[in-house]
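Student: Here it is, the structure in full.
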Amino acid sequence: MATIARQAGPAESAGLWDRLSIRTKRVIWAWSFLALPVVFYAGIRFYPTFQAFWLSFTDWDLLRPATFIGLENYRRLFADPLFWQVFRNTFTYLIIGTPVSLVLAFVVAFYLDRVRFMHGFIRALYFLPFLTTAAAMAWVWRWFYQPVPIGVINGFLGMIGIPQQPFLRSVDQALPAIMVTAIWAGIGFQIIIFMAGLRAIPSTYYEAARIDGLGEWAILRKITLPLLKPTTVFLVVFSSIGFLRIFDQVYNMTTNDPGGPLNSTKPLVLMIFQTAFSSYDMGYAAAQTVVLFTILLLVSLLQLWVLRKRA
């Protein structure tokens, strides 16, 4: 009897598997292969995120155990004038940098898509800044902004009779100067994505529009731009996150006074970096990180909602 029972076990198991539908079997196999990556991703992404939320309610300097202090870090943050200056700087990068970079990228992509001579080479030249190391690129631009005889830009301005500009040494000009660098660094990626979106639009739409007598401006407004909505949504969200998290250009171009002069260029990510690794105030830095995470989440969701609603 025991032998019969042992033989019936596998048969029953096989019968249970055979009774499952093909759809259920595919789901089981898919999750079997995905289990390890999901656990790994949760370990390196979700756990640190939850840990950052916990640390934001503590006082921790790496030398002593974390002490729970409730909302004190957030009260301190929102009462800090430096935070509100950094907050304005961060949103200035976002509000100006994102639309300017996208408009420039679309214009370049729209006309580059019509170029046939050395098209691949020209496209590679536009994409090259995106592949360049951010630190090296920032130092080159910092050299461009120097006074004469070193600075190329001031040298050019002198040739056409315009006085030298302080650029990175000015509280008014430093942030726009860094923003130009950030736009230049990311515009190549945006051009490539816009060109992919333009190439994905069926040519039959354009042929039908021209047969109906539509001009180039009407075709752009009624066909090209509406059909580019998915591409535009992606680039708006991607670029917004990039400008909200700007760090490399600011840190390397103002290395003598990171975020200067007088904190006029300091973004929130740089403030978090200095709080954590210069002041070793990890609880306060975690609170700043949570605020940045909340801003990124709200801005991304708002943009997705607005753009999809208009689509």
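The values are calculated or read from the model by the stated rules, or taken from the named source; none is laboratory data. Note that this is a predicted model, so its numbers are computed, not measured. A quick note on method: Cβ atoms are made from the backbone with ideal geometry, for glycine too, and the neighbour counts reach across all protein chains shown. Quick note on the areas: whole protein, heavy atoms, side chains included, nothing else; ligands and nucleic acids left out. Shrake-Rupley method; radii C 1.70, N 1.55, O 1.52, S 1.80 Å.
Student: Under the 0.36 nm per residue contour assumption, what length would be gained going from the current alpha-carbon distance of K222 and R114 to full extension? Walk me through the numbers before you get to the answer.
Tutor: Details: separation 108, 0.36 × 108 = 38.88 nm, distance 1.89 nm.
Difference between extended and current length: 37.0 nm.
Student: Another question, if that's okay. Which is the longest stretch in the chain that no exposed loop site breaks, taking sites as trypsin sites (Lys or Arg not before Pro) with a DSSP loop state and at most 10 other Cβ atoms within 10 Å?
Tutor: Numbers: sites that count: R114, R116.
In the chain, the maximal stretch lacking such sites is 117-311.
Student: If you build the convex hull over the alpha carbons only and average its shadow over all orientations, what do you get for the range 79-309? Give it in nm² to one decimal. Don't skip to the end; give the middle numbers.
Tutor: On the way: hull surface 63.9 nm².
Value for the range 79-309: 16.0 nm².
Student: Please give the solvent-accessible surface of T92 in Å², to the nearest 10, using a probe radius of 1.4 Å with every protein chain present.
Tutor: Estimated to the nearest 10 Å², T92 gives 50 Å².
Student: Which whole-Hz ³J(HN,Hα) couplings does the range 54-71 yield from phi under the Karplus relation 6.51 cos²θ - 1.76 cosθ + 1.60, θ = phi - 60°, glycine and proline marked x?
Tutor: Once rounded to whole Hz, the list reads 5, 5, 5, 9, 10, 10, 9, 10, 6, 9, 10, x, 5, 10, 6, 10, x, 8.
Student: Under a plain spin-label model, where a point goes 7 Å from the Cα along Cα-to-Cβ, how far apart in nm are M159 and T132?
Tutor: Each label point is offset 7 Å from its Cα along the Cβ direction, giving 1.9 nm.
Student: Return the long-range amide H neighbours of T58 (sequence gap of 5 or more, or a different chain), with a cut-off of under 5 Å between placed amide H atoms.
Tutor: I69
Student: Still on this structure, please answer the following. Whole number in Å², please: accessible area per residue of the chain, 1.4 Å probe, ligands, DNA and RNA not counted.
Tutor: Details: 18980 Å² over 311 residues.
Result: 61 Å² per residue.
Student: Projecting each Cα onto the charge dipole of the chain (Lys/Arg +1, Asp/Glu -1 at the beta carbon, about the Cα centre), which of A136, M195, P147 comes out farthest on the positive side?
Tutor: Result: M195, furthest along the dipole toward the positive end.
Student: What are the residues whose amide H is under 5 Å from the amide H of Y145, where those residues sit 5 or more places off or on another chain and H is modelled from the backbone?
Tutor: none
Student: State the percent of C-alpha pairs, over all pairs in the range 205-262, separated by a distance greater than 20 angstrom. Display every interim value, and only then the final one.
Tutor: Details: 922 of 1653 pairs.
Above the 20 Å cut-off, the range 205-262 has 56 percent of its Cα pairs.
Student: Can you tally the net charge around Y111? Count Lys and Arg as +1, Asp and Glu as -1, for every other residue whose Cβ sits under 15 Å from the Cβ of Y111. The partial results should precede the final answer.
Tutor: Details: positive: R114, R116, R123, R199; negative: D113, E216.
Here the count lands on +2.
Student: Can I ask one more? Return the distance in nm (one decimal) between the two label points of a simple spin-label model at L20 and Q173, each offset 7 Å from Cα along Cα→Cβ.
Tutor: Distance between the two pseudo-spin positions: 6.8 nm.
Student: Rounded to the nearest 500, what is the chain's calculated 222 nm mean residue ellipticity when only DSSP H runs of at least 4 contribute -39500 (n - 2.57) each, over all residues?
Tutor: Details: 15 runs with 218 residues, N = 311.
Per the formula, -23000 deg cm²/dmol.
Student: Another question, then. Got a number for carbon plus sulfur as a percent of the range 223-311's accessible area, 1.4 Å probe? Can you show the working numbers first?
Tutor: Working: 2760 of 4130 Å².
That fraction is 67 percent.
Student: Another question about this same structure. Taking the Cβ of V180 as the center, what net charge do the other residues with Cβ under 15 Å away carry, scoring Lys and Arg +1 and Asp and Glu -1? Don't jump to the answer; show the numbers that get you there.
Tutor: Working: positive: R142; negative: D172, D248.
Value of the local net charge: -1.
Student: Cβ under 14 Å from L168's Cβ, L168 left aside: what net charge do those residues give with Lys, Arg +1 and Asp, Glu -1? Each step should come with its number before you reach the end.
Tutor: Working: positive: R142, R169, K266; negative: D172, D257.
Here the count lands on +1.
Student: Using the Cα centre of the range 79-309 as the reference point, and only Cβ charges (+1 on K/R, -1 on D/E), how large is the resulting charge dipole? Debye, rounded to the nearest 20.
Tutor: On the way: 15 positive and 9 negative charges, 118 e Å.
Around 560 debye, computed over the range 79-309.
Student: What ³J(HN,Hα) values, in whole Hz, does the Karplus curve 6.51 cos²θ - 1.76 cosθ + 1.60 give for the range 133-143 when θ = phi - 60°, with x put for Gly and Pro?
Tutor: Going residue by residue, I get 4, 4, 5, 5, 5, 5, 5, 5, 5, 4, 5 Hz, with x marking Gly and Pro.
Student: Which whole-Hz ³J(HN,Hα) couplings does the range 109-117 yield from phi under the Karplus relation 6.51 cos²θ - 1.76 cosθ + 1.60, θ = phi - 60°, glycine and proline marked x?
Tutor: Using θ = phi - 60°, the values come out as 5, 4, 7, 5, 5, 8, 7, 10, 6 Hz.
Student: OK, next. Using 1/(1 + (r/R0)^6) with R0 = 22 angstrom and r between the beta carbons of T92 and S300, what's the FRET efficiency to the nearest 0.05? Spell out each step's value before the answer.
Tutor: Values: r = 18 Å, r/R0 = 0.84.
Computed FRET efficiency for T92 and S300 comes out at 0.75.
Student: Also: If we count chymotrypsin sites (Phe, Trp or Tyr not before Pro) as exposed when they sit in a DSSP loop and have at most 13 other beta carbons within 10 Å, what is the longest stretch of the chain that avoids them all? Spell out each step's value before the answer.
Tutor: Values: sites that count: F117, Y280.
In short, 118-279.
Student: Please compute the length gained on full extension between I69 and L82, using 0.36 nm multiplied by the number of residues separating them and subtracting their Cα-Cα distance.
Tutor: 2.5 nm
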